[in-house]
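Notes follow the structure.
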Amino acid sequence: MFKALIIGGSLGGLAAAHEMRAVGADAAVYERSAGRMEARGAGIVMQPEVEALLVRLGMSAGSVSVELHERQQLHIRGRPARYAAPQLMTAWDTLYRALRDPLAGVCYRLDSALRRVGVEGFEVTAEFADGYTARGDFLVAADGIGSATRRLLDPAVRPGYAGDVAWRGLEPESALPEDLRDLLTDRFTFFVSP
């Protein structure tokens, strides 16, 4: 059995742990957050690869999603443009729990900020800020946009601004006026502005 060190314990890291276990690896996940992972919001469109992973884990995508039937584009003037676009939507915390719970017996270490990566022969070593060291056969960098792994392996590479901004928010449904609730219910809604 080979050992995979997975840096990053959010959705990508959890999915990587499941994939590594599926091919016979002993997977260990290292997350830099010191406490419980906090919710990252809603509005995640269910992708076929995630649905396939959930099925392999004995779940259906529908068990962690809601089905929307339409998309609509709001306009600053005029009526919304609507079209049929059935899709499943989920939320970060729902998907996190669905991927995390089946890994109850897998090493999932919090407060593990990566400080150094070393390779010697066929072994990779990950050293963390608290002095803990892990060794494995390979390392998976699933630590997101501010990747410590990327920064350590290639300090010259920096993520760049793509030129787009998106604002998203959550509001309790009960706080919305009825006409707005009717406009938004069961639809994926966009408003685009220069």
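Values for this structure:
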{"read-out": "Listed residue (Leu5, Ser112, Gly146) projecting farthest to the positive dipole end of segment 1-156, Cβ model", "value": "Gly146"}
{"read-out": "Difference of contour (0.36 nm per residue) and Cα-Cα distance, Arg109 to Glu70", "value": "10.0 nm"}
{"read-out": "Percent of beta bridges antiparallel (DSSP, the chain, rounded to nearest 5)", "value": "55 percent"}
{"read-out": "Alpha carbon Rg of the chain, scaled by the compact-globule rule 2.2 N^0.38 Å", "value": "1.24"}
{"read-out": "Where only alpha carbons of segment 112-191 are counted, the Rg and the Dmax (Å)", "value": "21.7, 65"}
{"read-out": "Alpha-carbon centroid distance for the pair segment 103-131 / segment 144-172, whole angstrom", "value": "22 Å"}
{"read-out": "For segment 20-118: rounded, prolate or oblate by the Cα gyration tensor [a/c cutoff 1.5]", "value": "prolate"}
{"read-out": "Selection of trypsin sites (Lys or Arg not before Pro), segment 151-194, meeting DSSP coil and at most 13 other Cβ within 10 Å", "value": "Arg168"}
{"read-out": "Degrees separating the helix 11-22 axis from the principal Cα axis of the chain, which is the longest one", "value": "60 degrees"}
{"read-out": "Segment 45-100, Cα convex hull volume normalised per residue, Å³", "value": "81 Å³"}
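Each value in this text was obtained by applying a stated rule to the coordinates, not by laboratory testing. What you are looking at is a predicted structure, and each value in this text was computed from that prediction instead of being measured. Methodologically, a virtual Cβ is constructed for each residue, glycine included, from the backbone with ideal geometry; neighbour enumeration extends over all protein chains shown.
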